[in-house]
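The values are calculated or read from the model by the stated rules, or taken from the named source; none is laboratory data. Model, not experiment: these values are computed from the prediction. Cβ sites come from the backbone with ideal geometry, for glycine too, and all protein chains shown count toward neighbours. Heavy atoms of the whole protein, side chains included, go into the accessibility calculation; ligands, DNA and RNA do not. Shrake-Rupley method; radii C 1.70, N 1.55, O 1.52, S 1.80 Å.
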Amino acid sequence: MSKNLTRICPAILAVALLLPEALPQAPSAGSQTAQRESDAQAEPDRRRRRPPDPFAGQKRIRALVITGGCCHDYAGETKILMDVMASQAPVDWTVVLETEGRATWTTTKARLYNQPKWSEGYDIVVHNECYANVDDAGFVRKIVAGHNGGLPAVVIHCAMHSYRALESDEWREFLGVTTRRHTRQHRIAVQVKDANHPVMKGFPLDWVTPMDELYVVQKLWPGAKPLASAVDPETGTEHPLAWTNEYHGGRVFGTTLGHGAATWDDPTFQDLLVRGFKWAVDRQ
Ligand SMILES: [Zn+2]
């Protein structure tokens, strides 16, 4: 069945985001004659008003977003990501959003990963999926194989709890962290750990998130370096919440923040994603 697989046409949406003034406008009140006269001049006027492409001459970035599963607003989050990136870099998006019903939404095996060389042709993959109870080692190896050539990635929130039912660590080595649970929701006081890293440039030193989940990080893998962390108020244990990882020579940026709309709507979180994306694909 394909009814649960949604693909957002990247070219149309990207153009809409970059050039909203070029979209058709609703006709205003006035006579039809006046409208026709206006229409006669509209096209050349629109062409003259169209601003120059701020990314002219730059190589476009081919980005794949894989999203869906349990517990979050994946369509809304993807729209925000595309929206905030639109003014930052020339990105052509492909979005694969796969969510089954609640009974199986933690065990969904996104069909894309069954395609041979599923990541071929992309410059970066954003993993924002939430399939916690997939425990098929062969399947997860297909996923990480897509990054074995050093393909960059951004990994967000529940991606860190995806495939956690699998005991072996292929996915977690790729992420750079091992985590299997989170704290109760609270406003998280973020501590900057590497203010000089490009991803953290301009990040406030005293940011407290909206209500969110602090993921309990059991292990930071050898290739990972923390960028920001927070202390679990119940245990006093500090956990990285933003980091970089090196996986097979490729750059991975990760953050465990992003449970709800309040965080996704926050400009500090949005800017963190933008800088993380640009760093991962080496386009600061
Ligand atoms: Zn969550």
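With θ set to phi - 60°, apply the Karplus curve 6.51 cos²θ - 1.76 cosθ + 1.60 along the range 156-164 and write out the HN-Hα couplings as whole Hz, x wherever there is a Gly or Pro.
Running phi through 6.51 cos²θ - 1.76 cosθ + 1.60 with θ = phi - 60° gives 10, 6, 5, 4, 6, 9, 5, 6, 6 Hz.
Obtain the nm distance between the two label points defined at Glu246 and Asn196 by a simple spin-label model: each point lies 7 Å from its Cα along the Cα-to-C-beta direction.
Taking the two extended label points, one gets 1.7 nm.
Can you list residues from other chains, or at least 5 along the same chain, whose modelled amide H is less than 5 Å from the amide H of Ala153?
Distant-sequence amide H within range of Ala153: Val125, Arg251, Val252, Phe253.
Starting from the amide H of Trp207, placed 1.01 Å from N in the peptide plane, find each other amide H under 5 Å away whose residue is 5 or more places distant or on another chain.
Amide H neighbours of Trp207: Val190.
Summing +1 for each Lys or Arg and -1 for each Asp or Glu, what net charge is found among the other residues whose Cβ lies under 12 Å from the Cβ of Ser119? Write out the running numbers ahead of the final one.
Numbers: positive: Arg62, Lys117, Lys142; negative: Glu120, Asp123.
Once all neighbours under 12 Å are counted, the net charge is +1.
Tabulate in residue order the Karplus-calculated ³J(HN,Hα) for the range 68-76, using 6.51 cos²θ - 1.76 cosθ + 1.60 with θ = phi - 60°, rounded to whole Hz; enter x for Gly and Pro.
After applying 6.51 cos²θ - 1.76 cosθ + 1.60, I find x, x, 6, 5, 9, 8, 6, 5, x Hz.
What is the local net charge at Pro198, summed over the other residues whose Cβ is closer than 13 Å to its Cβ (Lys, Arg +1; Asp, Glu -1)?
Details: positive: Lys201, Lys225, Arg251, Arg275, Lys278, Arg283; negative: Asp194, Asp271, Asp282.
Net of charged neighbours comes to +3.
List the chymotrypsin sites (Phe, Trp or Tyr not before Pro) in the range 139-187 that DSSP assigns to loop (not H, G, I, E or B) and whose Cβ has at most 15 other Cβ atoms within 10 Å. Which are they? Spell out each step's value before the answer.
Details: sites: Phe139, Tyr163, Trp171, Phe174; in loops: Tyr163.
Hits after loop and neighbour filter: nothing returned.
Run the 1.4 Å probe and let me know the accessible area of Glu238, rounded to the nearest 10 Å².
Roughly 80 Å² of Glu238 is accessible to a 1.4 Å probe.
Take every Cα-Cα distance within the range 170-253, group them into 10 Å bins from 0 onward, and report for each bin the whole-number percent of pairs it holds.
Calculated P(r), rounded to whole percents: 18, 48, 31, 3.
Amide H neighbours of Ile61 under 5 Å, counting only residues 5+ apart in sequence or on other chains, H built in-plane at 1.01 Å?
Residues meeting the amide H criterion: Val91, Asp92.
Relative to the Cα centre, what is the charge dipole magnitude of the range 53-205, using +1 at the beta carbon of each Lys and Arg, -1 at the beta carbon of each Asp and Glu, and rounding to the nearest 20 debye?
On the way: 18 positive and 17 negative charges, 58 e Å.
Computed charge dipole of the range 53-205: roughly 280 debye.
In straight Cα distance, which aspartates and glutamates are under 16 Å from Lys79, not counting same-chain residues fewer than 8 positions off?
Asp92, Glu98, Glu129, Asp265, Asp266, Asp271
Based on alpha-carbon centroids, what's the gap between the range 61-101 and the range 218-284 in Å, whole number please?
The range 61-101 and the range 218-284 have Cα centres spaced 17 Å from each other.
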